Amino acid sequence: MTEPALSIQSITKAFGRVKALDAVAFEVPAGSIFGLLGPNGAGKTTLFSIAAGFLHADTGSLRVLGTDIAHIADLQGRMTILPQDAAFQRNVPILEQLLFFRQLDGSGRADARREVLETLDLVGLAAYQKRGVHALSHGMLKRMGIAQAFLGRPELILLDEPTAGLDPQNARQIRDLVRVFRQQRAATTVVSSHNLAEIQELCDHVAILDKGRLLVAGPVDAILRQSRQLDLLLARELTAQERAELAALPCSRGLEARELCRYRLQLAIPDGESADGAIAAVLRWLLDRGVTPRSLQEGNSLEEYFLQLTGKEHTTGH
């Protein structure tokens, strides 16, 4: 069995009376693009800081690429991190800054230069290699940070809010770069974000944090299976008895009455099966009782599941 890239066991961290992390435990599979998801203040950056050795946990243990975080020096060159507010030297040419990072890892200047130029070309910054970061837009700075994080052959890359503050086009470019680098470098990438739709699109595994607590962790497909829902617009209102019967169907995990003649059914779908069987069962039940469905819309999202777990509104604002 392949060892996880990151193994987090009962990590707790408090700042005064505020518990930033509360017995958080999950594993990041090797080779995955893993999303660390939660609203601002959920504990994402604190967990990243502990994984990078910037902070020490109060209790618990954490292993990176099979190495206890207490021996993080042994991981030089194997793990990189891009903090949310990563800063670069303002007037030092971009090429020279990235060369410096590679030479810190022990690369010779010629090899480092070749690799940096290839990476700058990949992120669309080759034309700016001799200019300082003052010449870069916010989106370009984010791409430079991605380039720095993927230099060398790191086995694990931590990206803290890599698309924060970006417009949709630049955010998509960053996500595309993460995918490209994963294909080329075969590294495990952990991306923190409070943008649920972004994590759903980009990642194959996810952990959801809220107020320092782990709500759920696992493959995105498996988590979305738990959030399958069917929005119904019916020709008439259901009686209380009908609502109880519909909610009690084997394919149902609950029914919510919304606006007039509108209902949301949470679907229960066995592993390995599609939603088609559940939808067919609901349709049969409705037609057997003479209830005409005007529309049915099946879907799922991490946002809906987050709302189910927390019972509160979620915002993607900064």
- Cα pair distances exceeding 17 angstrom across segment 145-196, given as percent: 29
- Query: Which shape class applies to segment 163-316: rounded if a/c is under 1.5, otherwise prolate when a/b exceeds b/c and oblate if not, where a ≥ b ≥ c are the square roots of the Cα gyration tensor eigenvalues?
  - Reply: prolate
- Within the chain, the percent of DSSP beta bridges that are antiparallel, given to the nearest 5, stands at 65
- Taking Cα atoms only, Rg over Rh for the chain with Rh from the Kirkwood formula is 1.07
- Item | Lysine pairs in the chain with Cα atoms under 26 Å, if 8 or more residues apart or on separate chains | 11
- Query: To the nearest Å, what is the center-to-center distance of segment 219-245 and segment 124-203, using C-alpha atoms only?
  - Reply: 38
- Low-density loop trypsin sites (Lys or Arg not before Pro), segment 166-242, at most 14 other Cβ within 10 Å, DSSP non-H/G/I/E/B, are Arg236
- Ranked by how many other beta carbons lie within 10 Å on average, peptides 243-252, 50-59 from highest: 50-59, 243-252
- Query: Can you tell me the Rg and Dmax of segment 109-198, counting just the alpha carbons, in angstroms?
  - Reply: 13.0, 42
- Cα-based equivalent ellipsoid of segment 1-80: semi-axis lengths in Å, sorted from largest, via gyration tensor: 21, 15, 11
- Message: Which one, Leu37, Phe150, Ala126, is farthest towards the positive end of the dipole of the chain when Lys and Arg carry +1 and Asp and Glu -1 on their Cβ?
- Response: Ala126
- Counting only C-alpha contacts under 8 Å and six or more residues apart, can you give the relative contact order of segment 18-123 as a whole percent? 14
- Quick calc, the chain, dipole around Cα centre from Cβ unit charges on Lys, Arg (+) and Asp, Glu (-), nearest 20 debye, gives 640
- In percent, what relative contact order does segment 168-290 have, based on Cα pairs under 8 Å that are 6 or more apart in sequence? 16
- By the C-alpha gyration tensor axes a ≥ b ≥ c (rounded if a/c is under 1.5, else prolate when a/b exceeds b/c, else oblate), the shape of segment 199-273 is prolate
- Any idea what the relative contact order of the chain is, in percent, if you count C-alpha pairs under 8 Å spaced at least 6 apart? 20
- Summing Lys, Arg as +1 and Asp, Glu as -1, what charge do residues with Cβ under 15 Å from the Cβ of Ile269 carry, Ile269 excluded? -3
- Query: Per-residue ellipticity at 222 nm for the chain, helices alone: DSSP H runs ≥ 4 residues times -39500 (n - 2.57), over residue total, nearest 500 deg cm²/dmol?
  - Reply: -10000 deg cm²/dmol
- Item | GluC sites (Glu not before Pro) restricted to DSSP loop in segment 252-299 with at most 15 other C-beta within 10 Å | Glu259, Glu273
- Estimated dipole of segment 169-318 in Debye, rounded to 20 [Cβ of Lys and Arg +1, of Asp and Glu -1, Cα centre]: 240
- Query: segment 43-146: percent of C-alpha pairs farther apart than 19 Å?
  - Reply: 53
- Note on the structure: Classified through the alpha carbon gyration tensor (a ≥ b ≥ c as square roots of its eigenvalues; rounded if a/c is under 1.5, else prolate when a/b is larger than b/c, else oblate), segment 238-310 comes out oblate
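Any read-out appearing in this document is the output of simple, stated calculations on the displayed coordinates, not a laboratory observation. Just so you know, these numbers come straight off a predicted model, no measurement behind them. When we count neighbours, we look across all protein chains shown, and the Cβ atoms used for this are built from the backbone with ideal geometry, even at glycine.
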